[in-house]
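First up is the structure itself, then whatever we jot down about it.
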Amino acid sequence: MTYKDLPDFLKSLDDKNLLKTINIEVDPELEITEIADRISKAYGPALKFTNVKGSPYPLVINTMGTYERLNLAFGVNHLDEIANEIASYLDISSYATLIDKIKAIPKLLPLPFIFPRKTKKAPCQEVIEEPNLDRLPILKCWPEDGGKYITLPLVFTKDPETGQQNVGMYRLQVYDKKTTGMHWHLHKDGKEIYEKYRKLGKKMPVSVALGCDPTIIYAATAPLPKIIDEMIFAGYLKKRPIKLVKCISNELYVPAHAEFVLEGYVDLDELREEGPFGDHTGYYSLSDLYPVFHIEKITRKKNPIYPTTIVGKPPMEDCYLGKATERMFLPLLKLQCPEVIDMDFPLEGVFHNCAIVSIKKSFPLHGNKVLNALWGLGQMMYTKMLIVVDEHIDVHDLSTVAWKVFNNIDAKRDILISEGPLDALDHSSNTAFYGHRMGIDATKKLKSEGYDRIWPDDIEMSDKIKDMVNSRWHDYGIHI
Ligand SMILES: Cc1cc2nc3c(=O)[nH]c(=O)nc-3n(C[C@H](O)[C@H](O)[C@H](O)COP(=O)(O)O)c2cc1C
Ligand SMILES: [Mn+2]
């Protein structure tokens, strides 16, 4: 089951007792953060605040902040269901013969319907008004933040050369009633499109949707190659086409069922100080110069709900979005690196700072091959610490991974230091945007890799003794 819009998803959460509604007045400045942070750390429910100081609109936060709600968001019991389906589409062998092709038709038939559908009448345009961000319950998240931030915005732009739209989640710092920052980082699609408009000297239309069904929200965060329109991916996840409507004041198409849409443009000659902001690394990102978003119209539903999130020390809601990426992008990664068995982004690595992969190792320095390949794949290039383990290791069992890393490596031989791009939020490198990444090859070393000793076996009890102890366990009277 997937959802028509955000309220539809919230209803489903509510029915399952996974949404808590708070009716007393709360302050969008810091108070909501402190509440939501405590709830995140306790793996608690989504929160709806109906009475936010200074705003007529209710606010929801932490809607996807546990594995249970993440699965519900995509209508699955486990994200591997989506990963396995993606893998089956990518498995060319299932289309090898004519019979296979015919067999594959029912599976592929729904795919054309993933393309977005344009509609004329849209709930997100029930009310059209002059911009006034002061009416929205926008959070000031952390004490040293440079101001209020819209933290869950879906930023729609259009490539002026190809005509293709892009959607990315880039936070917006509120400057006044109708002006915000536009925090697309150096390596992101929004920034690439912006540079094209700058070259062409054309006005850059930008529209921002707030509050959509969870597949659309997730798609805006997914590290898709630029040629894939996020709304196609959302349609695939939703199993229904995403309905889009043309904006009132610019040519962009936005989700018809959004709660709010901010329509406007980014001025090509204007930069303004953006930040600081308590970020998802658990540190403040420093202020820097970023483009400015001018809002010309706000359209909305009659009774919209304002969606938001907070980022900070993990685990927070965004870590779970990272987990969705970990699962859904594994089959694509395997296309490039078939030796990869599984992958884990530990929550503490805030999804771009640490990845653990297990591989089927079959030749000398195979681990290094995988490390270099992963640093060459899209947003994996930021991964500051990449750990490679052997195929039988469960990468999600961090204790076992740590045991392998601590005990298997020879530092000179097994650590690869690589210089390359880093996420714009990285604070540790001496230089912004690039620095050093570490690859750790914790696999068993081969004779062909120069290891001339005998690599010891893992200690394991024999099955015979295990079975015997199992059968007698009750008799020992030991309770653990
Ligand atoms: C809550 C949240 C906030 C984010 N904020 C930003 C941001 O301010 N700037 C940015 O460049 N990326 C941000 N990201 C990451 C991007 O959304 C992500 O890299 C996405 O793939 C960008 O889309 P694009 O590849 O079409 O540019 C954020 C992600 C999440 C989950
Ligand atoms: Mn994109």
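The values are calculated or read from the model by the stated rules, or taken from the named source; none is laboratory data. The structure presented is a predicted model; accordingly, all values stated were derived computationally and were not measured. Neighbour counts are summed over all protein chains in view; Cβ atoms, including those assigned to glycine, are modelled from backbone coordinates with ideal geometry. Side chains are part of the model used for accessible areas, which takes the heavy atoms of the whole protein and leaves out ligands, DNA and RNA. Shrake-Rupley method; radii C 1.70, N 1.55, O 1.52, S 1.80 Å.
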For this session: Just tell me which aspartates and glutamates come within less than 20 Å, Cα to Cα, of K466; anything on the same chain fewer than 8 places away is out.
Result: D457, D458, D475
Exercise. Plugging the Kirkwood radius over Cα pairs into Stokes-Einstein for the stretch 283-355, at a temperature of 25 °C and a viscosity of 0.890 mPa s, what D comes out in µm²/s?
Worked result: 154
Exercise. For the peptides 367-377, 300-310, what is the packing order when you average, over each peptide's residues, the other Cβ atoms within 10 Å and list the highest mean first?
Worked result: 300-310, 367-377
Problem set entry | Within the stretch 270-285, backbone nitrogen closer than 20 Å to the virtual label 7 Å beyond the Cα of L30 toward Cβ | 275-280, 282-285
Problem set entry | Semi-axes of the equivalent ellipsoid for the chain, Cα gyration tensor, largest first, Å | 41, 26, 25
For this session: Kindly state, to the nearest 0.05, the FRET efficiency for K20 paired with Y451, given R0 = 56 Å and r defined as their beta-carbon distance.
Result: 0.50
Problem set entry | Packing-based ranking, highest mean first, of 392-403, 31-42, 96-107 given that Cβ atoms within 10 Å are counted | 31-42, 392-403, 96-107
Problem set entry | Dipole of the chain, positive end: most advanced residue of F115, A432, P131 [Cβ charges, Cα centre] | F115
Problem set entry | Entries of K177/K243; K4/K118; K101/K323 with Cα pairs more than 21 Å apart | K177/K243; K101/K323
Problem set entry | For the chain, with +1 on Lys and Arg beta carbons and -1 on Asp and Glu, the positive-most of V370, P456, T157 along the dipole | T157
Exercise. Direction-averaged shadow area of the convex hull around the Cα atoms of the stretch 311-434, nm²?
Worked result: 7.9
Exercise. For the stretch 65-199, what % of the accessible area comes from carbon and sulfur atoms, probe 1.4 Å?
Worked result: 58
Exercise. How big is the stretch 1-154 by Rg and Dmax over its Cα atoms, in Å?
Worked result: 20.8, 64
For this session: Take each of the peptides 433-439, 199-205, average the number of other beta-carbon atoms within 10 Å over its residues, and list them starting from the highest.
Result: 433-439, 199-205
Problem set entry | Cβ-derived FRET efficiency at R0 41 Å, H187 paired with S399, nearest 0.05 | 0.75
Exercise. Angle, helix 189-200 long axis vs. longest principal axis of the chain, Cα atoms, 0 to 90°, nearest 10?
Worked result: 50
Exercise. How much of the calculated P(r) for the stretch 334-398 lies past 13 Å, in percent of all Cα pairs?
Worked result: 59
Problem set entry | Alpha-carbon gyration tensor eigenvalues x 5, square-rooted, for the stretch 123-195, Å | 24, 18, 10
Exercise. What dipole magnitude, in Debye to the nearest 20, does the stretch 394-480 give about its Cα centre under +1 on Lys/Arg Cβ and -1 on Asp/Glu Cβ?
Worked result: 240
For this session: Pull up the DSSP beta bridges for the stretch 239-394 and report the antiparallel fraction as a percent, rounded to 5.
Result: 75
Exercise. Which value, to two decimals, describes the C-alpha radius of gyration of the stretch 247-383 once divided by 2.2 N^0.38 Å?
Worked result: 1.41
Exercise. Ignoring ligands and nucleic acids, what accessible area does I82 show with a 1.4 Å probe (Å², nearest 10)?
Worked result: 20
Exercise. Within straight cross-link reach of K297, meaning Cα distance under 18 Å, which aspartates and glutamates are found once same-chain residues fewer than 8 apart are removed?
Worked result: E126, E129, E130, D134, D176, E251, E259, E263, D267
For this session: Work out the charge dipole of the stretch 134-214 with +1 on the Cβ of Lys and Arg and -1 on the Cβ of Asp and Glu about the Cα centre, then indicate which of L200, P214, W184 is farthest towards its positive end.
Result: L200
Problem set entry | the stretch 246-301: C-alpha gyration tensor shape, a/c 1.5 cut-off, then a/b vs b/c | oblate
For this session: Using DSSP, restrict attention to beta bridges with both residues in the chain and report what percent are antiparallel, rounded to the nearest 5.
Result: 70
Exercise. Contour minus end-to-end for K412 and D458, with contour as 0.36 nm per residue of separation and end-to-end as the Cα-Cα distance?
Worked result: 14.3 nm
For this session: Treat every Asp and Glu Cβ in the stretch 78-220 as -1 and every Lys and Arg Cβ as +1, leave all other atoms uncharged, and give the resulting dipole magnitude about the Cα centre to the nearest 20 debye.
Result: 640
Exercise. What percent of all Cα-Cα pairs in the stretch 146-277 falls in each 5 Å bin, counting up from 0?
Worked result: 2, 11, 21, 25, 22, 13, 5, 1, 0
Exercise. How much length, in nm to one decimal, is gained on full extension between M468 and M438, taken as 0.36 nm per residue of separation minus their Cα-Cα distance?
Worked result: 6.3 nm
Problem set entry | Extension gain (nm, one decimal) between L289 and K118, 0.36 nm per residue minus Cα-Cα | 58.0 nm
Seminar exercise, completed: A student applying the Cα gyration tensor rule (rounded when a/c is under 1.5; otherwise prolate if a/b is larger than b/c, oblate if not) would label the stretch 66-191 prolate
Problem set entry | Estimated FRET transfer efficiency (K41, T431; beta-carbon r; R0 41 Å; 0.05) | 0.80
For this session: Treating only the Cβ atoms of Lys and Arg (+1) and Asp and Glu (-1) as charged, compute the dipole magnitude of the chain about its Cα centre; round to the nearest 20 debye.
Result: 1420
Problem set entry | Residues of type lysines that K445 reaches as a straight line, Cα spacing below 25 Å, ignoring anything fewer than 8 places off in the same chain | K334, K360, K361, K369, K384, K404, K412
Exercise. Within the stretch 90-245, what percent of beta bridges assigned by DSSP are antiparallel, to the nearest 5?
Worked result: 80
Problem set entry | Solvent-accessible surface ranking, highest first, for M468, M169, M461, M328 at 1.4 angstrom | M461, M468, M169, M328
Seminar exercise, completed: Residue-ordered couplings for the stretch 428-445, obtained by feeding phi - 60° into the Karplus form 6.51 cos²θ - 1.76 cosθ + 1.60 and rounding to whole Hz (Gly and Pro as x), are 8, 6, 5, 10, 6, 6, 8, x, 10, 10, 10, x, 10, 9, 9, 6, 5, 8
